[in-house]
1. Quick check, is Leu98 closer than 18 Å to Thr243 by Cβ and touching a helix residue (DSSP H, G or I) at 6+ places or on another chain (Cβ under 8 Å)?
2. Does segment 210-235 hold any residues that are over 19 Å from the mean Cα position of the chain (by Cα) and of a type outside the set (Gly, Ala, Ser), and which are they?
3. Mind listing whichever residues of segment 29-52 are open to solvent by 20 Å² or more (accessible area, probe 1.4 Å) and assigned to a strand (DSSP E or B)?
4. Check segment 256-271 and report whether any residue there is modelled with pLDDT under 95, of a type in the set (S, T, N, Q) and open to solvent by 20 Å² or more (accessible area, probe 1.4 Å).
5. In this structure, is Ile239 open to solvent by less than 30 Å² (accessible area, probe 1.4 Å), modelled with pLDDT of 95 or more and part of a helix (DSSP H, G or I)?
6. Among the residues of segment 53-92, which ones are touching an Asp or Glu at 6+ places or on another chain (Cβ under 9 Å) and either under 15 Å from Val27 (Cβ atoms) or open to solvent by 40 Å² or more (accessible area, probe 1.4 Å) (or both)?
7. So Thr195 ticks every box in (1) closer than 30 Å to Ala71 by Cα; (2) open to solvent by less than 10 Å² (accessible area, probe 1.4 Å) but one. Which box is left unticked?
8. Could you tell me which numbered condition Ile151 fails, if it satisfies all but one of (1) assigned to a helix (DSSP H, G or I); (2) crowded, with 22+ Cβ neighbours inside 10 Å; (3) in contact with a Pro (Cβ under 8 Å, 6 or more places away or on another chain); (4) not small (Gly, Ala, Ser)?
Amino acid sequence: MTNSWQNQFSQDARLLTHLVDLLTDQVLLSHLTEDDYRKASFLDQRIITPQLRRQLVPWAELSKINQSQGAAPQYIFHIGHVGSTLLSRLLGEIDTVLALREPQLLRTLCEISQIRYEPESPWSPEVYEKRFSDTVHWLSRSFHPNQRVMIKASSFVSELAPQLLAMPTDALFLYAPLDRYIPTILAGEASVQETHLMASARLKRLTQHLGEPPARLWELSLAQRVAMSWMCELVTLFIAQKTSQSANVLWMDFEAFLNSPQDQLITAASHFSLDLSEQKAAELVSGPIMSSYSKAPEHDYSPNLRQELLAEANQNHAADIRAAILWTEKIATEFPLVADAMQWIETRK
């Protein structure tokens, strides 16, 4: 980086506010081109290479830079493993969209938001509010005047959705029915590992939303842990829907998208007020984005392969899946918030 980073930062999105070092209160600025943004599945530490130009700057110094106030970002929120990266990549091919997938700074902000009134918070509540504003402002920068940022958040960043959607903007909420979600997770080794890794935090979040624990983690089977994760993320989005009166929210079932990708992509684009012709939509859904694994495009992963893996998971785990669905229905009878969230997506069909 050169000493002219202040001037570069005020011009466009080439300097990503990448990570924050809480110990030194510095922000890592990383130099990315438009093509770098387009290729990146995650805007976190995974894009750091020896070739990446980057520089640490004090948060206070960065916050002083004057910038024109652009349009608020649009958002894709989701329950995890329901095609959010795929939708982000497809919509990101539209010239007026700058797609940001899972920016790390937003994840850190969400983590601090959960403890901002607690004594262990690194920032006071007042500092948090100012830095929330800074973060949204920084992430809203684009490369061209007619370009708008669309942020695909990590699933647990949905806890921040009510605050992010307090201002007028557009958001897509992606989900899948439970009977499709459980085999989707069980079909992949990485998604199973993630379920185990995130189960404790998700049960804690779900407990906070419900007011009391719906279960004890050590008593849950793998399929029930997947179902609990589904409940946690679905309830989180449902609460965001109820509290975000200023936002324009579209719920989309990923299974419906896969059954009619061209029509559903046009629907999503229209929701975001994007210009997408039927011909361009047809080209996108028949192109390489749909035939590769969105989080790692070097790997093939078509809708047909997904169906084969789901069928195998359904066959291998039939009893566990059915038991987890029945367990979820029981939880819904005990907790009206879970029942309301499940009923809400039923009415979206």
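The values are calculated or read from the model by the stated rules, or taken from the named source; none is laboratory data. All figures in this text were calculated on a predicted structure; none of them were measured in a lab. FYI the Cβ positions are ideal-geometry reconstructions off the backbone, even for glycines, and counts take in every protein chain you see. Please note that ligands, DNA and RNA were not included when accessible areas were found on the heavy atoms of the full protein model with its side chains. Shrake-Rupley method; radii C 1.70, N 1.55, O 1.52, S 1.80 Å.
1. no
2. Scanning segment 210-235 gives Leu210, Glu212, Pro213, Pro214, Arg216, Leu217, Trp218, Glu219, Leu220, Leu222, Gln224, Arg225.
3. His31
4. yes
5. no
6. Residues satisfying the conditions are Leu56, Pro58, Trp59, Ala60, Leu62, Ser63, His81.
7. Tallying (1) closer than 30 Å to Ala71 by Cα; (2) open to solvent by less than 10 Å² (accessible area, probe 1.4 Å), Thr195 fails exactly one: (1).
8. Going through (1) assigned to a helix (DSSP H, G or I); (2) crowded, with 22+ Cβ neighbours inside 10 Å; (3) in contact with a Pro (Cβ under 8 Å, 6 or more places away or on another chain); (4) not small (Gly, Ala, Ser) one by one, Ile151 breaks only (1).
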